[in-house]
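A.B. asks: Sharing a structure here in structure tokens format.
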Amino acid sequence: MSAASARARRLPLVLRNPSFGRVWAGQLLTQAASRMFQVGAVWWLVGFAGGEHRGLDSGLFLMVSTVPAVALAPVIARIVARHAHRTVLASAATAAGAVAMTAAALSFAGALPMAAAYAVGLVLAGCQAVFDPCLTTSVPELVEDADIESATGFELSTQSVAGLCGGLLGPLVVDAGALTGVTATCGAAYLLAGLLIGSTRFPHGGAGDGPAPERRTLRRVLAGLPFIRRVLVCFAAANVFTTAVYVVMPLYTQEVLHATGSTVASLEAALGAGTLLGSFTGGRLPGRPVTVCSVCLMVMAAAFGLPGLFAGHAVAVVSMAVIGWCLGVIGVRFVALCQRMVPADDKPAFFAVMQAVLGATFPVASLVFGALGDHLTATTLCLAQGAGLVPVALALWRLGSRAHATEQHTPDAPVPVPAGEAS
């Protein structure tokens, strides 16, 4: 390798691979816009447009915003498999931008009906539900084989950064320019992303022009992974209480702190920063993955309950940061566990069902906690989140202990290794 080539390899992937860099920028724009609209619209419903049922209204909005990724999973899989990925990515971003800009124009001309805001949220969520899995699938078309791990790392970290930026800006933009401001900003970000991706050459293209190879059914994949299946059920149950934070946070800001969108933004920022930190540090924590995750759930339970016992801005910010850190650690350890235990040929099917199972709990949490928010105080909801996580953490701890005891009695059992480490 020449000195120039060596120096080029030391540059970040987004700089030495312009194609990947442009698509990465498009990812950052779309995911930040999606999160900005979601958080901004919830704050608009709670702080400006909501009436006596603002808890239910915001919960329904979040439910609507998460339905497409679950309900349209088979359709999205076929779209990604049968069409050129650059076309799918650019079309999804451009369509979302056109809808957001139209909503901004209508909102500027007059108050946008609440039903129209729900419809916009549904369409934007549908576009993002197409964009995200297509982006993951297209990574090998953008980079060389040696750079796939680096590209995947950029993709995963971008989700946290985009969520942090979008969650921070959403309430602030709503405070400054109401729903018109947030829809216009999101529309511009989506359209720019569509332009960037549409003008990018995919140097290693070729995928996406036919159906994927036939693999085992989801039922057969899960039947062969009883331990992972039980762990997944535990995390799905935990998700009902953890994802409710996106409903409870605005209600807590409005009812308890009596604050503005900047406070919602600070809580979102603390949650996002904690998640990002947990993603980077989770792999360094000692202990078995399930044990670490169960301890993190117990810590989260305490962190959720703290603002319910001691109301205050500083307490809420610290709690959100701790919760975010635990979420980041759990994500890293659980995905790593799955990478080690799920056979390589079954991973596409498994990760598809994992996303569907975990994603399906978000609409339930949004609706249930949104409805409860109209009848219970925000501090009571915080305590309910913490209390709900305790039995899940105990069940996960017991599951891990039983698995460890089984391994101790079967020392000759083969130890799974990550894909690519076996010779």
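The values are calculated or read from the model by the stated rules, or taken from the named source; none is laboratory data. On a predicted model such as this, the values are computed, not experimentally measured, just so you know. For neighbour counting, all protein chains shown are included, and Cβ atoms are generated from backbone atoms with ideal geometry for every residue, glycine included. Areas reflect the complete protein model, heavy atoms only, side chains present, ligands, DNA and RNA absent. Shrake-Rupley method; radii C 1.70, N 1.55, O 1.52, S 1.80 Å.
A.B. asks: Of all the residues that make up region 150-165, how many are within 21 Å of residue 92 (Cβ to Cβ), modelled with pLDDT under 70 and open to solvent by 40 Å² or more (accessible area, probe 1.4 Å)?
C.D. replies: 3
A.B. asks: Another question, then. On the basis of being open to solvent by 60 Å² or more (accessible area, probe 1.4 Å), over 28 Å from residue 21 (Cβ atoms) and at pLDDT below 85, does residue 218 make the cut?
C.D. replies: Yes, satisfied.
A.B. asks: Cβ contacts < 6 Å: first residue farther than 12 Å from residue 382 by Cα and in contact (Cβ under 8 Å) with a residue 24 or more places away in the chain, restricted to region 238-263; second residue part of a helix (DSSP H, G or I) and of a type in the set (D, E, K, R), any location; separation 6+ or different chain. Result?
C.D. replies: 260/175; 261/175
A.B. asks: Go through region 280-298 and give me each residue that's open to solvent by 60 Å² or more (accessible area, probe 1.4 Å) and at pLDDT 90 or above.
C.D. replies: Once the filter is applied, which keeps residues that are open to solvent by 60 Å² or more (accessible area, probe 1.4 Å) and at pLDDT 90 or above, region 280-298 yields 295, 298.
A.B. asks: Which one of 301, 269, 314 is touching a residue at least 12 places away in the same chain (Cβ under 8 Å), among the hydrophobic types (A, V, I, L, M, F, W, C) and open to solvent by 20 Å² or more (accessible area, probe 1.4 Å)? Reasoning before the result, please.
C.D. replies: On the way: 301 fails: open to solvent by 20 Å² or more (accessible area, probe 1.4 Å); 314 fails: touching a residue at least 12 places away in the same chain (Cβ under 8 Å).
When all the criteria are applied, what remains is 269.
One line per residue, one yes/no per condition, for (1) more than 17 Å from residue 66 (Cβ to Cβ); (2) not aromatic (Phe, Trp, Tyr):
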position: 225; (1), (2): yes, yes
position: 235; (1), (2): no, no
position: 239; (1), (2): no, yes
position: 259; (1), (2): yes, yes
